[in-house]
Amino acid sequence: MTEKITVIGAGLAGSEAAWQLAEQKIPVRLIEMRPKKSSPAHHTGYFAELVCSNSFRASAVTNAVGLLKEEMRCMNSVIMKAADLHQVPAGGALAVDRHGYGEEVTSQLKNHPYVEFIEEEITQIPQEGIVIIATGPLTEGALAEDIQKFCGGEGLHFYDAAAPIITKESMDFSVVYKASRYGKGEAAYLNCPMNEQEYKDFCEALIQAEVAEIHGFENKKVFEGCMPIEVMAARGKDTMRFGPLKPVGLPDPRMGREPYAVVQLRQDNEEATQYNMVGFQTHLKWGAQRQVFRMIPGLKEAEFVRYGVMHRNTYIDSPRLLETTLETKARQGLFFAGQMTGVEGYVESAVSGIVAAKSAIARWRGIEPRAFPKETATGALMWYISHFDGKNFQPMNVNFGLIPSLTYKIPKKNKNEKLAERALQTIKDFLNS
């Protein structure tokens, strides 16, 4: 076959899908509406833009997302190549300079001889050829309506939020100190300590602050993994202290002991001039953010490069609509990828692009797509979104609970390590078979 495969959307999943196809010398038509037309959550025209945090989360393979990243490296992932190349210090996590990373992914794809880039807004699902839809959780307008029509009903939806970014030079380093929790890895985080009264005042200010109105849907569900900080504050006086403001393992060098609460900031660019507020996804009005977040010790004169925003995420009923290969049950040769399928997180979204691409390659070559083994993090996640049998399908981050147990007994402390070893060997065997 010589016809091009169409990939709609150049986010993490679409970029990864296009790359995987092109690297197999399969001609790709990559269609993206940005930068001609953008969404409320995007700030650049880069492919695979990171709209929320700059962190790809844990690095170690004993953490499920770390394992998933290693599996992606085994599959020649362009997202992982760019992330590794533009890594910034983040302790035990993989965080990136979002602009350097974005430029890298965009350059790799735009300069690939097998990729034709088309800047255009697509308003309906193409009726001909092999197609991967990876338009993301912000899909709207005529295309969203056409997808809903294809799916036979309303798309599911929830609201997601992004954290503010602050300049380093505006912080007070007589208060702010550098440390990673329990001293693990490089001391990559900046920490703002709070005493009990400061914490209580801050919590109350968050609860009372003015929130921006949410437009779009009546059912304003919020995904638990990206809970706005003001919602967290309203859930109870200690909720933040057991969440993103947890002080355990972060002693204040001025006192020689742990503070009552700690606000952490993570490096956001390679120059280390900008930091994002860890766990501070928010939908407060910008004026309220400026007022309330400057109550945090060390941030009295904080200069905001970006305020927090909230946006709608939409996902389809994948267990009813998709095969484990991400091919639609209703139409052979049509695939969905990315957060629209119900995977949650940057890495999870990107790996779904790999799965869709490998399935599309099989169709392009005239053979049946193969599902990834459930013993791998990739396969387990694809199995979840295609086989969930409960009443309330929700987006899911990868986790070891999705992966089948070992067939032999092992001490609990070694369990994840052995699951990771099995997964990596399984995926290598699968890719070579």
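The values are calculated or read from the model by the stated rules, or taken from the named source; none is laboratory data. This is a predicted model, so every value here is computed, not measured. Heads up, the Cβs are rebuilt from the backbone with ideal geometry, glycines too, and the neighbour counts pull from every protein chain shown. Surface accessibility is based on the protein's heavy atoms, side chains included, excluding ligands, DNA and RNA. Shrake-Rupley method; radii C 1.70, N 1.55, O 1.52, S 1.80 Å.
On the stretch given as segment 192-213, residues that are of a type in the set (Asp, Glu), over 11 Å from residue 296 (Cβ atoms) and at pLDDT 95 or above total 2. Can you say whether residue 78 is of a type in the set (Val, Ile, Thr), in contact (Cβ under 8 Å) with a residue 12 or more places away in the chain and surrounded by fewer than 22 Cβ atoms within 10 Å (Cβ to Cβ), as far as the supplied structure shows? Answer is no for this residue. Within segment 82-107, residues that are in a loop (DSSP other than H, G, I, E, B) and modelled with pLDDT of 95 or more sit with their Cβ atoms under 7 Å from residues that are surrounded by 24 or more Cβ atoms within 10 Å (Cβ to Cβ) and hydroxyl-bearing (Ser, Thr, Tyr), at 6+ positions apart or across chains, in these pairs: 86/101. If I filter segment 134-141 for residues that are at pLDDT 90 or above and over 30 Å from residue 190 (Cβ atoms), do I get at least one hit? Within segment 134-141 (the criterion being at pLDDT 90 or above and over 30 Å from residue 190 (Cβ atoms)), the answer is yes, since at least one residue qualifies. Among the residues in segment 39-53, are any at pLDDT 90 or above, acidic (Asp, Glu) and touching a strand residue (DSSP E or B) at 6+ places or on another chain (Cβ under 8 Å)? Scanning segment 39-53 turns up no residue that is at pLDDT 90 or above, acidic (Asp, Glu) and touching a strand residue (DSSP E or B) at 6+ places or on another chain (Cβ under 8 Å).
Considering only residues in segment 81-101 that are within 16 Å of residue 275 (Cβ to Cβ) and of a type in the set (D, E, K, R), the one that is surrounded by the most Cβ atoms within 10 Å (Cβ to Cβ) turns out to be 98. Among the residues of segment 328-348 satisfying the criterion of being open to solvent by 10 Å² or more (accessible area, probe 1.4 Å) and touching a Leu at 6+ places or on another chain (Cβ under 7 Å), which is farthest from residue 371 (Cα to Cα)? Taking the candidates together, the pick is 346.
Checked against the criterion of being under 22 Å from residue 343 (Cβ atoms), in a loop (DSSP other than H, G, I, E, B) and out of contact with any Pro (no Cβ under 6 Å at 6 or more places or on another chain), the candidates 123, 135 yield just one match: 135.
Residues are listed down the side, and each one gets a yes or a no for (1) farther than 26 Å from residue 127 by Cβ; (2) out of contact with any helix residue (DSSP H, G or I) (no Cβ under 9 Å at 6 or more places or on another chain):
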{"position": "343", "(1), (2)": "yes, no"}
{"position": "362", "(1), (2)": "no, yes"}
{"position": "366", "(1), (2)": "no, yes"}
{"position": "407", "(1), (2)": "yes, yes"}
{"position": "417", "(1), (2)": "yes, yes"}
{"position": "429", "(1), (2)": "yes, yes"}
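The one condition from (1) in contact with a Gly (Cβ under 7 Å, 6 or more places away or on another chain); (2) assigned to a loop (DSSP other than H, G, I, E, B); (3) open to solvent by less than 10 Å² (accessible area, probe 1.4 Å) that residue 281 does not meet is (3).
Per-residue answers, yes or no, for (1) at pLDDT below 95; (2) on the phi < 0 side of the Ramachandran plot; (3) small (Gly, Ala, Ser):
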position: 238; (1), (2), (3): yes, yes, no
position: 246; (1), (2), (3): no, yes, no
position: 249; (1), (2), (3): yes, no, yes
position: 256; (1), (2), (3): yes, no, yes
position: 268; (1), (2), (3): yes, yes, no
position: 273; (1), (2), (3): yes, yes, no
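Listed by position, the strands (runs of 3 or more DSSP E) enclosed by segment 295-353 that each have at least 2 residues that are touching a residue at least 40 places away in the same chain (Cβ under 8 Å) and either within 30 Å of residue 178 (Cα to Cα) or within 14 Å of the chain's Cα centre (by Cα) (or both) are 304-306, 309-315. Of the residues 145, 198, 128, the single one that is surrounded by fewer than 16 Cβ atoms within 10 Å (Cβ to Cβ) and not in a loop (DSSP other than H, G, I, E, B) is 145.
Quick one: is residue 312 crowded, with 22+ Cβ neighbours inside 10 Å, modelled with pLDDT under 95 and of a type in the set (D, E, K, R)? Spelling it out, it is not the case that residue 312 is crowded, with 22+ Cβ neighbours inside 10 Å, modelled with pLDDT under 95 and of a type in the set (D, E, K, R).
What about residue 118, is it exposed (fewer than 14 other Cβ atoms within 10 Å of the Cβ), touching a Leu at 6+ places or on another chain (Cβ under 8 Å) and not aromatic (Phe, Trp, Tyr)? Yes: the conditions hold for residue 118. For segment 245-268, check the following and say yes or no: at least one residue is among the aliphatic types (A, V, I, L, M), buried (at least 23 other Cβ atoms within 10 Å of the Cβ) and assigned to a loop (DSSP other than H, G, I, E, B). Checked segment 245-268: at least one residue is among the aliphatic types (A, V, I, L, M), buried (at least 23 other Cβ atoms within 10 Å of the Cβ) and assigned to a loop (DSSP other than H, G, I, E, B).
Residue 368 passes every criterion in (1) acidic (Asp, Glu); (2) touching a residue at least 12 places away in the same chain (Cβ under 8 Å); (3) open to solvent by 10 Å² or more (accessible area, probe 1.4 Å) apart from (2).
When 34, 57 are screened for being part of a strand (DSSP E or B) and modelled with pLDDT under 95, only 57 passes. Within segment 373-408, restricting attention to residues that are aromatic (Phe, Trp, Tyr) and part of a helix (DSSP H, G or I), which residue is modelled with the highest pLDDT? This residue is 383. With respect to residue 417, determine if the residue is closer than 30 Å to residue 115 by Cα, of a type in the set (Asp, Glu) and modelled with pLDDT of 95 or more. No.
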